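First the structure, in the form of structure tokens, and then the observations on it.
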């Protein structure tokens, strides 16, 4: 495939704009760590919301969706659609709590909520565990997508791909800090969405596909169209729908969909101008992430079933691509190879935008842990702001180098997705309850973290050698959740609660409310206002109504594309009623 001059001009313009924004933002980012990691806590909701969406729109995301659709059908997307419930819980319950906490990172939370050596250990360990090791794995999956896209569309080898992407991303991330990341995210999101929608339209109308009607009537595609899996077959609907919607969303920790908020989502909320801006940002993120974006990817994935029905057909079409990376997720970039010249440049720029927006966020987020929660807190508490910003820039470069190296060892996006889910299995409920149950302590989180990791290793690498029969992915997930939950609950009840003075300070600072804090509230001096606003049930209702509204919008779009007008109209009515109800509830919330 040959790119025309127009294609290269579009790609060049994108790179130039991205670097220009990073250079412009660098004027302020170097002033302090508050500027470098939180953009001065002065960001508006719409920029923060779009930044979150751009970050989760990584180059590996359409690859992952394609992998899911080709293996499990459209309904297989409930593996990540279910996380909308987590997102809406963050919008209406946790966004305001994070905003009130006043911390710089979500790891600083540990020494606000807990006390003593266990809290210090938890903060320091997770700074390295999440900020370095876990973060590198996430970025490596993103780089893997870039490797596959570049191999198919540009015939570039993996090492060259990661080198080029790493250099450009590191430059604007290290110079511009979070402000540079957020502003470039806005531009990158426009590129990414325009490219995805336009590409889907062109690919659906390729002669080999024959248009939307022919695509949906194709026998291999028609069987993959269900939005909710067939409930006559437990082996299908249990793993694809029941487990994600009933268990996975509240019990599993996954970057970008952390129960109770966290990671780069918390970073965006903490960078907001106010509590209301934090809430608005997370609401915009969840609406765009689940209702706006999925269908262009799904349509291209369905088209790939027609043109590349199996892995052999992909391998035959791209003989220069390394056999180790041939998998169903490669079908997405393979389909993009059918785009005409001119459009190809925009689509390549959009994929680069998606790749870089995710990498830049993870670099700044991981660097914030290394600097604020490890180096400044435990290594050099007296470090100047200039030195801290310098360490932030150095750690940004180091994280990118390590992620690029690890990317060369992975083979497909779904493989990494399942491993990450398993590692976080059973810990999600801790992150929800620690805001609303006084008895959760630092030992709870330490136990949950280590038990979930140990169980994940055993289930992934030691289950069958130990003489047990093989388990399916969803069975491993449930097993991991059960074992981890039993473990951390036992540890919680066997260890001392956090010091009462620390709990009183935390409650007075964040005012979470709920009956789980009754012992602490009763112990607080009369001089401290510990009154609960009594709106937690209303906030949970808003979360449920919000989820129904977004799901209905997602379904309305799908039914319309499927030419099911009655289903589309019904889903649209539900979405409109839900939106009206949500607006009514919102006005009652304080």
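Since every read-out is calculated from the coordinates, none of them should be taken as a lab result. This is a predicted model, so every value here is computed, not measured. Positions of Cβ are backbone-derived with ideal geometry, glycine not excepted, and every protein chain shown enters the neighbour counts.
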Expected unfolding gain across residue 380-residue 13 under the 0.36 nm per residue rule, minus the alpha-carbon gap, is 128.0 nm
The rounded separation in angstrom of the Cα centers of segment 84-104 and segment 318-388 is 25 Å
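With an 8 Å Cα cut-off and a minimum separation of 6 or more residues, compute the relative contact order for segment 288-355 in percent. Don't jump to the answer; show the numbers that get you there.
Details: 22 pairs, mean separation 20.0, N = 68.
RCO, segment 288-355: 29 percent.
Report, in deg cm²/dmol and to the nearest 500, the calculated mean residue ellipticity at 222 nm for the chain, where each DSSP H run with n ≥ 4 adds -39500 (n - 2.57) and the sum is divided by the residue count.
After summing the helix terms and dividing by residue count, I get -21000 deg cm²/dmol.
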Taking 0.36 nm per residue of separation between residue 586 and residue 235 and subtracting their Cα-Cα distance, the length gained on full extension comes to 122.4 nm
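Rounded, prolate or oblate: which one fits segment 151-213, using the alpha carbon gyration tensor with axes a ≥ b ≥ c (rounded when a/c is under 1.5, else prolate when a/b beats b/c, else oblate)?
Details: a/c = 6.50, a/b = 1.66, b/c = 3.92.
Taking the square roots of the gyration eigenvalues as a ≥ b ≥ c, segment 151-213 is oblate.
Let me check against my output: what whole-number percent is the relative contact order of the chain, with C-alpha pairs under 8 Å and at least 6 apart? Don't skip to the answer; put the middle values down first.
Values: 968 pairs, mean separation 156.9, N = 590.
The normalised contact order for the chain reaches 27 percent.
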If R0 = 60 Å, then residue 71 and residue 439, at their Cβ-Cβ distance, give a FRET efficiency to the nearest 0.05 of 0.90
Over the chain, the quotient of the Cα radius of gyration and 2.2 N^0.38 Å is 0.95
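Using just the alpha carbons, could you tell me how many Å³ per residue the convex hull of segment 536-590 encloses?
Working: hull volume 2.7 nm³, N = 55.
Dividing the Cα hull volume of segment 536-590 by its residue count gives 49 Å³.
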Between residue 160 and residue 273, the two model label points (7 Å from Cα along the beta-carbon direction) sit apart by a distance in nm of 4.7 nm
Whole-Å distance linking the alpha carbon centroid of segment 217-270 with that of segment 430-446 is 25 Å
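Given 37 °C and 0.692 mPa s, compute D for segment 1-100 with the Stokes-Einstein relation, Rh being the Kirkwood radius over Cα pairs; round to the nearest whole µm²/s.
Details: Rh = 17.5 Å.
Translational D for this selection: 187 µm²/s.
Using alpha-carbon pairs under 8 Å, 6+ residues apart, how would you state the relative contact order of segment 536-590 in percent? Display every interim value, and only then the final one.
Details: 44 pairs, mean separation 24.2, N = 55.
Worked out over segment 536-590, it gives 44 percent.
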Length gained if residue 577 through residue 117 is fully extended, taking 0.36 nm per residue and subtracting the Cα-Cα distance, is 160.5 nm
Per the C-alpha gyration tensor (a ≥ b ≥ c, the square roots of its eigenvalues), segment 467-590 is rounded if a/c is under 1.5, else prolate if a/b beats b/c, else oblate; here it's oblate
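With a ≥ b ≥ c taken as the square roots of the eigenvalues of the C-alpha gyration tensor of segment 56-127, please select rounded if a/c is under 1.5 and otherwise prolate if a/b is larger than b/c or oblate if it is not?
Working: a/c = 3.25, a/b = 2.16, b/c = 1.51.
In terms of gyration-tensor shape, prolate.
Rg to Rh for segment 237-347: what is it, with Cα atoms only and Rh by Kirkwood? All intermediate terms of the calculation are to be shown ahead of the outcome.
Values: Rg = 19.2 Å, Rh = 17.6 Å.
Here the Rg-to-Rh quotient is 1.09.
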